[in-house]
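Scroll down for the structure; my scribbles are underneath it.
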């Protein structure tokens with residue numbers, strides 16, 4: 001595999017995934033786990049992903065002028081889908097009027113709760129940016145409430161509780177930042193049923209790996 005530019009091509013696809021193509025974010029994350037010692041099967045999958053990009057290069061992220069802003073954030077994780085290390089991959093995506101503006105996937109333990117926390121941090125940053133925009137934009141555009149949607153009721157319940165137990169006491173305290181957001185009136189974590197969940201449509205959409 002020394003003669004195959006695996007790392008170079010993966011780096012290029014990683015850049016694209018982080019900038020304009022959330023639909024390949026999950027696949028790139030999986031392939032990046034083999035960059036130290038890739039095999040021919042990983043190279044072929046990488047080429048398959050490149051082919052997918054070529055056939056879908058007409059897809060664009062278009063932010064149009066609207067009369068009413070709407071921000072949505074979705075958080076999710078696949079539970080221990082990697083059979084090698086049994087570690088989950090989680091992530092989030094933030095939509096501005098149904099257009100992705102921020103997304104991320106990464107390997108995580110306690111996947112659902114950690115993904116929910118990471119999503120909340122990113123959404124809080126987006127909120128601060130939009131608060132600055134209020135100074136120059138019509139105030140009537142900002143009537144929505146910031147919320148992170150998650151399809152795991154247990155993760156949401158845990159974020160609203162200060163009680164620790166044997167199953168949760170190992171979670172790093174930095175992830176309990178989410179609990180502080182309970183006291184922010186314009187922010188919340190909400191449950192959304194799986195059948196209505198949109199996260200997989202954007203971030204887990206390419207399943208070629």
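The values are calculated or read from the model by the stated rules, or taken from the named source; none is laboratory data. Computed from a predicted model, the values in this text were never measured in an experiment. All Cβ positions, glycine included, derive from the backbone under ideal geometry; neighbour counts span all protein chains shown.
Name the single residue that is farthest from residue 93 (Cα to Cα) among those in the stretch 3-16 being without any contact (Cβ under 8 Å) to a residue 12 or more places away in the chain and in a helix (DSSP H, G or I).
8
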**OP:** Filter the stretch 141-155 down to the residues that are crowded, with 20+ Cβ neighbours inside 10 Å and assigned to a loop (DSSP other than H, G, I, E, B), then identify the one that is modelled with the lowest pLDDT.
**Re:** 152
Subject >> Per-region count, the stretch 17-60, residues part of a loop (DSSP other than H, G, I, E, B) and surrounded by fewer than 16 Cβ atoms within 10 Å (Cβ to Cβ) >> reply: 11
